[in-house]
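> Let me begin by handing over the structure; questions about it come next.
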Amino acid sequence: MCSSDLSTFLNISIQNLWGYAPTAAGLIHATMALSWSGSALLIAGVDSPRRRLALIRLGPVLVVSGLTGILLAIRHDVPWTVVPCQILIGAGFGGCWSFLSQAIMEAARPGERDLASTMLQTVLSSGFALGAAIAGLAVNSAGFAPQLAAEGIVQPMTRAILIGVSIGAFAILAALGVRVKPKVEDPPPAAGR
C-alpha cells in the first residue's frame, strides 16, 4: 500500500520532471519489480527462523528508505537516485513478502490455513488498490498537473510519498510483532508405501 503512489504516478512524473522518454521512464519504473523478483529468488532458500524474521523486519525499512530517497530525488532534482531507490523498494518487498506470507499461514488456527492462504493475495491487491486511491486523492487535491512540469508535480508527489512513508512506518511497527515458527519437517514416508 505504501508504494502505490509510485506505481501510479512515478512514470509520468519522471517523464515530465526530467524529460525521460516513455520507454526509459518505463524501464526505470520496472526496476522495482525486477528487484522484487530478484531478491525473492536470492532469499528463497533461507530456512533459519531468525533470518526469516530479520528479513520480515528489514523489508519495510528498505521500502521506507527507498520511498524517502525518491522523495528527496524529486524535491532536490536528483534523477540518478531514482533507480537505486526503486531497487531498495523492490528488495524490501521481495525480501519479506514470502516469509511474511508463511508466518501468517503458520499463525492461522488449525483448519483456517487454507483461508489465510487465499486471503493473502486479496489483501495484497486491496492494499495496492487502496494505496493508489489514497495517492490519487493526495496528488489531485494538491494540484497534480504534469503538463505544468516541475511546479505541477513536485508538491503533489511530495504529499503522496509522505503518505506512503507514513503507512510504511506503520508497517515497520507491525513487522516487530510478527513471530516466525521453526520449519517442521515432513515425517518420513511409512514403510511399504
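The values are calculated or read from the model by the stated rules, or taken from the named source; none is laboratory data. These numbers come from a predicted model, not from an experiment. All Cβ positions, glycine included, derive from the backbone under ideal geometry; neighbour counts span all protein chains shown. Please note that ligands, DNA and RNA were not included when accessible areas were found on the heavy atoms of the full protein model with its side chains. Shrake-Rupley method; radii C 1.70, N 1.55, O 1.52, S 1.80 Å.
> Largest first, please: the extent of the C-alpha atoms of the chain along each principal axis, to the nearest Å.
If we take the Cα atoms of the chain, the spans are 73, 28, 27 Å.
> Connecting C-alpha atoms closer than 10 Å in a GNM of the chain, tell me which of MET157, MET105, MET32 has the biggest fluctuation.
Residue with maximal mean-square fluctuation among MET157, MET105, MET32: MET105.
> Another one. How large is the helix-only mean residue ellipticity at 222 nm for the chain, computed as the sum of -39500 (n - 2.57) over DSSP H runs with n ≥ 4, divided by its residue count, in deg cm²/dmol to the nearest 500?
Numbers: 6 runs with 143 residues, N = 193.
After summing the helix terms and dividing by residue count, I get -26000 deg cm²/dmol.
> Of all the accessible heavy-atom surface of the chain, with the other protein chains kept in place and a 1.4 Å probe, what percent is carbon and sulfur?
Values: 6990 of 10490 Å².
For the chain, the apolar C and S fraction of the accessible surface comes to 67 percent.
> Please compute the per residue accessible area over region 38-126 with all protein chains in place, 1.4 Å probe, rounded to a whole number of Å². Can you show the working numbers first?
Numbers: 4710 Å² over 89 residues.
Heavy-atom accessible area per residue stands at 53 Å².
> Taking the Cα centre of region 1-117 as the origin and placing charges on Cβ (Lys, Arg +1; Asp, Glu -1), which of SER48, PRO79, LEU34 is farthest toward the positive end of the dipole?
Value computed over the given set: SER48.
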